[in-house]
Amino acid sequence: MGAGRPPIPLVYRFVALVMRPLLRLVLRYEVHGEENIPLGGFIVAVNHNSHSDPFPWAHVLYNRGIPPVFLAKDSLFKVPVIAWVMRSTHQVKVERERAAAAQSLPHARAALAQGHCLGVYPEGSLTRDPDEWPMRGKTGAARLALESGCPVIPVAHWGAQGLLPPYARVPRIWRRHTVEIRFGEPVDLADLREQPTSSQVVATATDRIMRAITDELEQIRGLRAPEERFDPKAHGMTPTGRYSRGENT
């Protein structure tokens, strides 16, 4: 286990015991930048293009004795068995797109203070970008970083969508898929932490985090992302990815 980290809950160990052999059967990893993983509490901010993509990078961290704690959408806490697992492994519930979402931040800060690695998807959902680049980010990760002082490690991955395409229900397990993962250097927020936490400061921090994730993904894909990040609201999409009433589908 990593130095100075809290013990891994028994249920977390059991889930990992079951999942790790399965992941090895269907996935292979190419990992870069593990030297950027810090000691103590830190935030990993990750791009999101498949419901299977938390497993590869979390697997890599777990193998280093770092079991990530996730900011997880509230709907997962309503599914009987999954809800029990989420609570037993100390995951943090987030009620997306509601005023209550802010209530999760104290729990997230407490996890960081205890030395946990906190996994955050700043986009808030699977990317809706037509070419699967990171979208416009939400502010939660930036607020946590500014308030806690903990480092933010941008993480980009590519390939998990081969196992489970966006919104698919059946994984493609007939062949082994390669997932490339990059852990970037900590996002530089030092100048912003010296300022009052205004909406502009938070927006700037969010943009730097999303830019850092995108930079790592560009390295993996060997392509340049669009200069302007995709904004689902500007395209009439709801948080679930559907179009608002009256918009084209």
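Number of residues in the range 167-187 that are surrounded by 12 or more Cβ atoms within 10 Å (Cβ to Cβ) and over 19 Å from Asn47 (Cβ atoms) equals 4. The requirement of being closer than 23 Å to His32 by Cβ, at pLDDT below 95 and crowded, with 18+ Cβ neighbours inside 10 Å is fulfilled nowhere in the range 153-166; no residue meets it.
Scanning the range 33-59 for residues that are in contact with a strand residue (DSSP E or B) (Cβ under 9 Å, 6 or more places away or on another chain), aliphatic (A, V, I, L, M) and more than 19 Å from Arg211 (Cβ to Cβ) yields Ile37, Ala58. Once the range 204-238 is narrowed to residues that are in a loop (DSSP other than H, G, I, E, B) and surrounded by 14 or more Cβ atoms within 10 Å (Cβ to Cβ), the residue that is modelled with the lowest pLDDT is Thr238.
Does Pro196 count as surrounded by fewer than 19 Cβ atoms within 10 Å (Cβ to Cβ), within 26 Å of Asp131 (Cα to Cα) and at pLDDT below 95? No: the conditions fail for Pro196. For the range 16-30, a tally of residues being surrounded by 16 or more Cβ atoms within 10 Å (Cβ to Cβ) and among the β-branched types (Val, Ile, Thr) returns 1. For the condition among the charged types (D, E, K, R), within 29 Å of Thr214 (Cβ to Cβ) and within 13 Å of the chain's Cα centre (by Cα), Asp74 does not qualify. Please enumerate the residues belonging to the range 52-71 that are of a type in the set (S, T, N, Q) and touching a residue at least 60 places away in the same chain (Cβ under 8 Å). Within the range 52-71, just Ser52 meets the criteria.
The values are calculated or read from the model by the stated rules, or taken from the named source; none is laboratory data. Computed from a predicted structure; not experimentally measured. A quick note on method: Cβ atoms are made from the backbone with ideal geometry, for glycine too, and the neighbour counts reach across all protein chains shown.
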